[in-house]
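The values are calculated or read from the model by the stated rules, or taken from the named source; none is laboratory data. A quick note: this is a predicted structure, and the numbers were derived from the prediction, not measured. Reconstructed Cβ throughout: ideal geometry from the backbone, glycine too, with neighbour counts over all protein chains shown.
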Amino acid sequence: MAANPTTKNKTADRPARELTTYDLAIGILAIFSLILLVLIYFVPLSSETVDVLNSLENALCIVFLFDFFRSLRLAPNKWAYFLKGGGWLDLLGSIPYNKLAIFRVARLFRVVRLLRKLTGDQLRHIIARRLAQSTLLFTLVAALLLVFAISGIVLYAEHGAPHANIKTYHDAVWWAFVTITTVGYGDYYPVTPLGQSAAAILMFLGLGIIGVLSSYLATTFISFERRESERTAGENKHGEGKGEDKEQDADEPTTNLEAELAAMKEKLAAIQQLLEKHYQAS
């Protein structure tokens, strides 16, 4: 049986999956997750540090599980995505079990495969198309990476220093979160020059992150208000058009009545002329 040419055309015309800034962020998180696994298994760390990294791994598993269900929901053919599109690899890589985390490489390979098909201009267009969302997403990912990277630097600098109060990786991560959010409890603080330099960098970047979040919220509210204004203006314009139509409909019966009266007058005038001729003839 010959294949339907219409089906072939539809399949050929179907657009390929586009790369988004969300895919780039997920790829970065996949790389970060694999780095964490290397640190856990191949670097001698204290039990407190391993516990913190495992907690972060579990949090990333929640993100990857959300990504799996999102991809499954957006897939045109869900079974094709799950069996042939690497969905089962995404699901296995989302399970909070370190030995299955190697399957997260599939996410990274998928992003790399899409990146290889893009030129620099196309990549800039993808990022600029939704600039506010792209900036927010990359800022949050960068903030997460900075917190855990600078925490390690500060712990290395503070380890064994006199009067140091950041003694575990848990303390360093807590201090980094408090610092980057510009809260500054003051319960933990670095005392070494290297630790203080890292703290200054983190505080400076924290101010930038707060600025990005504030700008994104402002842009969101302004866009929402603009859409509401445009919708209200459209409804008003539509209502004015309906009012004009109603006025025209109301004028139509009057015009028809006047035309009928004029026709009746012409007929009466014709009858009158006939009667006058009849009387004159008689």
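Within region 36-63, being among the small types (G, A, S) and in a helix (DSSP H, G or I) holds for S47, S55, A59.
A25 passes every criterion in (1) part of a loop (DSSP other than H, G, I, E, B); (2) in contact (Cβ under 8 Å) with a residue 60 or more places away in the chain apart from (1).
Elements of the type helices (runs of 4 or more DSSP H) sitting completely within region 65-152 and holding at least 3 residues that are in contact with a helix residue (DSSP H, G or I) (Cβ under 7 Å, 6 or more places away or on another chain) and modelled with pLDDT under 75: these cover 105-116. Of all the residues in region 168-185, those that are of a type in the set (V, I, T) and either within 26 Å of S47 (Cα to Cα) or in a helix (DSSP H, G or I) (or both) number 5.
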